[in-house]
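Notes to accompany the following structure.
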Amino acid sequence: MDEVQGGQQAGAEAGGTEAGTPARATATFGAGCFWGIEAAFRQVPGVVSTAVGYMGGTKDRPSYRQVCTGRTGHAEVVQVTYDPERLGYDDVLAVFWDNHDPTTLNRQGPDVGTQYRSAVFFHDEAQEKAARRSIEELEASGRFRRPIVTELTAAATFWPAEDYHQQYLEKRGLSTCRI
């Protein structure tokens, strides 16, 4: 069984835990403000659940206010739980690439700071290899005019964001957070 970190499943499960329980996998991404990327993933068939939070920093149980200072080292992230029988990791990566600009360092739209960096937090070697391959393919495709600066790093403790951040746009009847 995978280690539970910060109250959330941290890795991918190979299969269900009981007969008839479907397999689940976990992916974690930083793509700027977590509200928009969470809303995008929630629309994808095969995504079972999402949670927004913080990963990649040095402070235990960081708050939104602390992360926003840029001094904790955390990125705002969305952790996606999906059904690997319906949705592959390459498909999950495609949603990530389609919903942010991976060529801007520590910035997405009006949000600036290391907490808004583009990041793939891989949970196992297969995810790491798939993400590296995906970056190489995107670079070779010419889709982006500038180099991809997405951080690729091992997943660490996922600290769930405060409740009011979870499904923030959905709760407010919004489909996007364009400012």
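Values in this text are rule-based calculations from the coordinates and carry no lab data. Please read these numbers as outputs of a predicted model, since none were measured by experiment. Note that each Cβ is placed from the backbone with ideal geometry, even for glycine, and that neighbours are counted across all protein chains shown.
A few comments on the model shown:
- Taking the centroid of alpha carbons for each part, the stretch 95-127 and the stretch 40-61 are 12 Å apart.
- Proximal charge balance of Q108 [Cβ under 10 Å; K/R count +1, D/E count -1]: -1
- For the pair Y64 and T104, label points projected 7 Å from Cα toward Cβ lie 2.1 nm apart.
- Efficiency of FRET from Cβ geometry, E139 and Q43, R₀ 30 Å, rounded to 0.05: 0.65
- Rounded to the nearest 20, the Cβ-based charge dipole of the stretch 100-179 about its Cα centre (Lys and Arg +1, Asp and Glu -1) stands at 380 debye.
- The residues neighbouring Q167, those whose beta-carbon lies less than 15 Å from its own, together hold a net charge of -2 under the Lys/Arg +1, Asp/Glu -1 convention.
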